[in-house]
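One structure is given here, and the rest of the page talks about it.
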Amino acid sequence: MFPTTDGHVVAVAAAVGRFAWERRDQAEKLSIEPVVRNGIAYVNGKTLPR
């Protein structure tokens, strides 16, 4: 999972090297700091919807 410069978050399925999902407009004028813990993705302290 990695942030883009325009406020989106993109995830790649590492096992197969393919695009997994994208969440658009997760940040506005802020840096995005994604974290995954126990299989749950958090962006700037918020849980991403499944």
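FYI, it's all coordinate maths here, none of it is from the lab. Owing to the predicted nature of the structure, the values given are computational and were not obtained by experimental measurement. Note that we place each Cβ from the backbone using ideal geometry, even for glycine, and neighbour counts take in every protein chain shown.
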Residue (of 34, 13, 2) at the positive-pole extreme of region 1-44, dipole from beta-carbon charges: 13
Long-range HN-HN contacts of residue 27 with modeled amide H, under 5 Å: none
Amide H contacts of residue 41 (H built 1.01 Å from N, under 5 Å, at least 5 apart or other chain): 48
